[in-house]
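None of the figures in this text is laboratory data; all of them are computed from the coordinates on show. Since this is a predicted model, take the numbers as computed values, not measurements. Here the Cβ positions follow ideal geometry from the backbone for every residue, glycine too, while neighbour counts run over all protein chains shown.
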Amino acid sequence: MREYQVGPLAAGLGMYPDTFPPEVVASALVRNYGFIRIEPDDVSGTATLTFECIDENANVVYRESVTSPRVGSRPL
């Protein structure tokens, strides 16, 4: 399980800890937003979720992709 937190609300008040716990894999100390893309692959029966954290200048500061088997399908 992953949690992605982005955006000005995630920027806090500018008071950041000196160190982060080991489960924090990335921290962008700038204003940012997130972009999530989900790409199903019908041939392999998988889906890939790609998360990007993008800063205020449109630079990708963090990217992570996770691939998982597709288990059934339900309408949203």
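What is the sum of charges around residue 46, taking Lys and Arg as +1, Asp and Glu as -1, for the other residues whose C-beta is under 12 Å from the C-beta of residue 46? All intermediate terms of the calculation are to be shown ahead of the outcome.
Numbers: positive: 70; negative: 39, 41, 42.
After counting each charged neighbour, the total is -2.
Within 10 Å, count the other beta carbons around each residue, average over each peptide in 49-60, 32-43, and list them highest first. Show your work: numbers first, answer last.
Values: 49-60: 13.7, 32-43: 11.4.
With the highest mean Cβ count within 10 Å placed first, the list reads 49-60, 32-43.
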| note | The set of residues whose placed amide H lies less than 5 Å from the amide H of residue 31, leaving out same-chain residues fewer than 5 positions away, is 56
